[in-house]
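Below is one structure, written out as C-alpha cells, with a few remarks after it.
The values are calculated or read from the model by the stated rules, or taken from the named source; none is laboratory data. Keep in mind the model is a prediction, meaning the values are calculated, not measured. Cβ placement follows ideal geometry from the backbone for every residue including glycine, while neighbour counts extend to all protein chains displayed. Side chains included, ligands, DNA and RNA excluded: accessible areas come from the protein's heavy atoms. Shrake-Rupley method; radii C 1.70, N 1.55, O 1.52, S 1.80 Å.
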Amino acid sequence: MAEGGQWILGPQVAQFEKDIAAWAGVKHAVACANGTDALLLVLKAWGVGTGDAVFVPAFTFAATGEVVALTGASPVCVDVLPDTYNVDLASLEAAIALVKRDGKLTAKVVMPVDLLGLPATTASSCRM
C-alpha cells in the first residue's frame, strides 16, 4: 500500500485510475467516491436530463431514483417480480409504452439493479 493519505485527487487515486483502465483495456477510468456518484456520472455522460424518463425498479436502494432526479430527469418506477425482486419485464414494457403514448417525457434509459445476489433481469443498463 502506498504511503500518504491524499485520497481526493491524490497520487494514489491517479495510479488507481491508470491501473484499472489498463486492467479493463480502456483508455480512461474515473474513480468515484461511491456508487451514487458512479450512477450519476453515467447518466450525465449519456446526456440524461429534464424531460427524460429513466425506468427503475420499484424495489431498490434510494440512490437509484435519487440520481435520476439529480439529473433533472424523472424516475419511472417499474413493478418487480415477487420471487426475485428484479424488474418485471411486462411491467417495464407497459411503462415504456405509457411514457411514449403520454408524450410528456422521452423514454431514455432502463436502469436495472442487481439485488440480493441475483443478477438483474435485463442484461445491463441501456439507453433507448
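Before moving on, here are some points about what is shown:
- Its relative contact order, with pairs defined as Cα atoms under 8 Å and 6+ residues apart, puts the chain at 20 percent.
- Accessible surface of F16 - all protein chains present, 1.4 Å probe, nearest 10 Å²: 110
- Extension gain from L98 to A31, taking 0.36 nm per residue of separation minus the Cα-Cα distance: 20.5 nm
- Cross-link reach list, aspartates and glutamates versus K44, counting only Cα pairs under 13 Å and skipping chain neighbours closer than eight places: D52
- Whole-number accessible area per residue in Å² for segment 39-128, which is evaluated in the context of all protein chains at 1.4 Å: 56
- Modelled FRET efficiency - R0 35 Å, A69 with E3, Cβ distances, 0.05 increments: 0.30
- Sorting L115, L70, L105, L92 by accessible area puts them as L70, L105, L115, L92; the probe is 1.4 Å, largest comes first, and only protein heavy atoms count.
- (i) 28, 20, 12; (ii) 26, 16, 14; (iii) 32, 17, 13, with the label sought being that of the calculated semi-axes √(5λ) of the Cα gyration tensor in Å: (iii)
- CD proxy at 222 nm, helix term only [per DSSP H run n ≥ 4: -39500 (n - 2.57); per residue of the chain; nearest 500]: -12000 deg cm²/dmol
- In this label model, V13 and T50 are separated by 3.0 nm, measuring between points 7 Å along each Cα→Cβ vector.
- With DNA, RNA and ligands ignored, accessible area of L89 (1.4 Å probe; Å², nearest 10): 70
- Cα centre as origin, Lys/Arg/Asp/Glu Cβ charges: the chain dipole, Debye: 500
- Phi to ³J(HN,Hα) by Karplus 6.51 cos²θ - 1.76 cosθ + 1.60 over segment 74-85, Hz, x for Gly, Pro: 10, x, 10, 6, 10, 4, 10, 7, x, 8, 10, 6
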